[in-house]
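Here the structure comes first, spelled out in structure tokens, and everything after it is commentary.
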Amino acid sequence: MYTTDLTGKKQAETVAEDPKKLAAFEARVANDEFIEPKDWMPEAYRKTLIRQISQHAHSEIVGMLPEGNWITRAPNLRRKAILIAKVQDEGGHGLYLYSAAETLGISRDEMTEALHAGKAKYSTIFNYPTLTWADIGAIGWLVDGAAIMNQVPLQRTSYGPYARAMVRICKEESFHQRQGYEIMMAMMAGTPDQQRMAQDAMNRWWWPALMMFGPPDDRSPNTEQSLRWRIKRETNDELRQKFVDITTPQAEAIGLKVPDPALKWNAKRGSYDFGEVDWEEFYAVVRGEGPVAKERMQARVNAWEDGAWVRDAARAHAEKRASAKVAAE
Amino acid sequence: MDALATSALRLGDDSLVLGQRLSEWCGHAPALEIDLSLANCALDLIGQATHFLGLAGELEGKVRDADTLAYRRDVMDFTNCLLVEQQNGDFAHTIARQFLFSNYQELLFAGLTASKHARFAEIAAKAVKEVAYHAKLASDWVVRLGDGTDESRTRMIAALDWMWRFSDELFVMDEVDAALGIDKAALRPAWDRRIDAALAEAALERPSPRRGVMGGRAGHHSEQLGHLLSEMQFLQRSYPGATW
Ligand SMILES: [Fe+2]
Ligand SMILES: [Fe+2]
């Protein structure tokens, strides 16, 4: 997930907080009140949020790359326009989220530098390549689908600016999911070549999509605190189950096979049983060993470095304008 | 194709090829805000292309639709001007191309809104607002880059110098334009004023006069267009007849 805790470490609460303030804060959060930038908050809450929101923002930005890979090759004008609009939305999401994180006392440049230095994480899912047009369908349907599942509850997360950013973002995500499913649907109704591409994309994206929800609950050390702070509202395993339950019938409806021999409807639970995710692969991708992790980072770093002179020029021009204005007054 | 259909085709091809070029920036622009505004322009242009190519297909006789025209023609049948197919280069090149073209396109569409051909007027009425924004965006960046730093100024000068030879072609009139009832040559003085005003604000000199490079309207393009098309048309050509 864009927001899942990828540090894998238990976050130490090092700062000794004023117990009275802390109790008042905990009570407000437990009461589902919003915490606003000017409100007192424990340092660990601020740090966790900065990490989570910036990681979410980075995921939106890096997430532009795998789909951007197909914009110039989209199969018709309508699909091209939809894909540009979709990727543009993701950039907009990054923008809202960076702004939300900035209210916690960190600048966008600092966050960007942390990403480029490999210190900040982003969703593991974007370190997989997009090989055929069907991957664009699979990403919209599965990846945005998984993102929605995580983000809908975050509209009620405890930090006000983050919750409001999520409201704007969620409005757009359902369109992303639909256009992806529509691509898959069209391809499954198409030629044998198209069906082959669609099934191949399904085979490659299914497991990484399940990994988006993060490690299993028993290996997710910070879940409890995040739930208490309303930074997270459902556990990784709960969300993963929900995703499998919703997505499996969608796959079957268009003739796609879910690549999991253990997948089986469990009437007693009213849910699907499914196989074990390859967690070794997940942790490797978190460590930065995903198939195209280096390419993704290189693309971001290149864009940033190649664009430095443009940003410098804009800043220099704005400063000249401002001082000319002051001089004129 | 008759003259009116060809007019629609030219308008569509200009927007399509420039939209395709701009969309190459997606995810790679110098700043997030720039990424979003370039994507915006690309979207507008793809939308215009869809309308004009659709119209060209109708006028031609309803055999080819917008997608067929966009995806199933080869270089010789593309009628866009050479300016729009120029490679993105650095950001200054992209801006120089946009600056010269959008200022022309805005004047052209403004004129077309009064066309006696209602369908052209309708499309132009919506598009002229979009293009006015593109022209403003590009002109603002010409000023920023021209005025910004020594490096940005040097790059902006080089980019204008690169693109300048393709501007004459924009104003060439032939029987196709005559049939549409728009005098492109007459747009030039207004275009010159706009270009000069922005260059003056940026303290940049107008590139020296030079022989214009032409041929796009007749299907004689630069070497780049074939590469652009082979990328854009790859799926339609590899899987003919498939619906996506
Ligand atoms: Fe998003
Ligand atoms: Fe999305």
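Quick one: would you say B:Asn80 is part of a loop (DSSP other than H, G, I, E, B), within 12 Å of another protein chain (Cβ to nearest Cβ), touching a residue at least 40 places away in the same chain (Cβ under 8 Å) and within 27 Å of B:Leu160 (Cα to Cα)? Answer is no for this residue. Restricted to region A:265-319, and to residues there that are more than 14 Å from chain B (Cβ to nearest Cβ) and of a type in the set (Gly, Ala, Ser), the residue that is nearest to A:Gln241 (Cα to Cα) is A:Ser271. Evaluate region B:232-242: report whether one residue or more is in a helix (DSSP H, G or I), within 11 Å of another protein chain (Cβ to nearest Cβ), within 21 Å of the chain's Cα centre (by Cα) and within 30 Å of A:Pro75 (Cβ to Cβ). For region B:232-242, residues in a helix (DSSP H, G or I), within 11 Å of another protein chain (Cβ to nearest Cβ), within 21 Å of the chain's Cα centre (by Cα) and within 30 Å of A:Pro75 (Cβ to Cβ): present.
Looking at the structure I just gave you, is A:Leu77 farther than 18 Å from A:Gly160 by Cβ and within 14 Å of ligand 2 (Cβ to nearest atom)? For A:Leu77, the condition - farther than 18 Å from A:Gly160 by Cβ and within 14 Å of ligand 2 (Cβ to nearest atom) - is not met.
Filtering region A:73-107 to residues that are open to solvent by 20 Å² or more (accessible area, probe 1.4 Å) and more than 8 Å from chain B (Cβ to nearest Cβ) leaves A:Ile82, A:Asp89, A:Tyr96, A:Ser99, A:Glu102, A:Thr103, A:Gly105, A:Ile106, A:Ser107. Here A:Val286 meets each of (1) in contact (Cβ under 8 Å) with a residue 12 or more places away in the chain; (2) open to solvent by 60 Å² or more (accessible area, probe 1.4 Å); (3) assigned to a helix (DSSP H, G or I) with one exception, condition (2). Restricting attention to region B:158-168, the residues that are within 13 Å of chain A (Cβ to nearest Cβ) and surrounded by fewer than 20 Cβ atoms within 10 Å (Cβ to Cβ) total 1.
Candidates in region A:173-190 are the residues that are open to solvent by 50 Å² or more (accessible area, probe 1.4 Å) and away from ligand 2 (no atom under 16 Å from the Cβ); of these, the one that is nearest to A:Leu142 (Cα to Cα) is A:Met185. Selection of helices (runs of 4 or more DSSP H) fully inside region A:142-234 by the criterion of at least 1 residues being touching a His at 6+ places or on another chain (Cβ under 8 Å) returns A:144-154, A:160-188. Based on this model, can you work out whether A:Ile254 counts as in contact (Cβ under 8 Å) with a residue 24 or more places away in the chain and open to solvent by less than 20 Å² (accessible area, probe 1.4 Å)? Here the answer is no, as A:Ile254 does not meet what is asked.
So which of B:Ser152, B:Ser139, B:Ser115 ends up being farther than 20 Å from B:Leu18 by Cβ, polar (S, T, N, Q) and within 14 Å of another protein chain (Cβ to nearest Cβ)?
That would be B:Ser152, the only listed residue that is farther than 20 Å from B:Leu18 by Cβ, polar (S, T, N, Q) and within 14 Å of another protein chain (Cβ to nearest Cβ).
The residues of region A:129-153 that are away from ligand 2 (no atom under 11 Å from the Cβ) and either surrounded by fewer than 23 Cβ atoms within 10 Å (Cβ to Cβ) or within 14 Å of chain B (Cβ to nearest Cβ) (or both), listed by number, are A:Pro129, A:Thr130, A:Leu131, A:Thr132, A:Trp133, A:Ala134, A:Asp135, A:Ile136, A:Gly137, A:Met149, A:Val152, A:Pro153.
You will find that of A:Trp40, A:Trp70, the residue that is more than 8 Å from every other protein chain (Cβ to nearest Cβ), within 24 Å of B:Gln236 (Cα to Cα), touching a helix residue (DSSP H, G or I) at 6+ places or on another chain (Cβ under 8 Å) and modelled with pLDDT of 95 or more is A:Trp70 and no other.
The values are calculated or read from the model by the stated rules, or taken from the named source; none is laboratory data. Since we're looking at a predicted model, the values are computed, not measured. Because the Cβ atoms are built from the backbone with ideal geometry, glycine has one as well, and the counts that use them run over all protein chains shown. Keep in mind that these areas ignore ligands, DNA and RNA; they rest on the heavy atoms of the full protein, side chains included. Shrake-Rupley method; radii C 1.70, N 1.55, O 1.52, S 1.80 Å.
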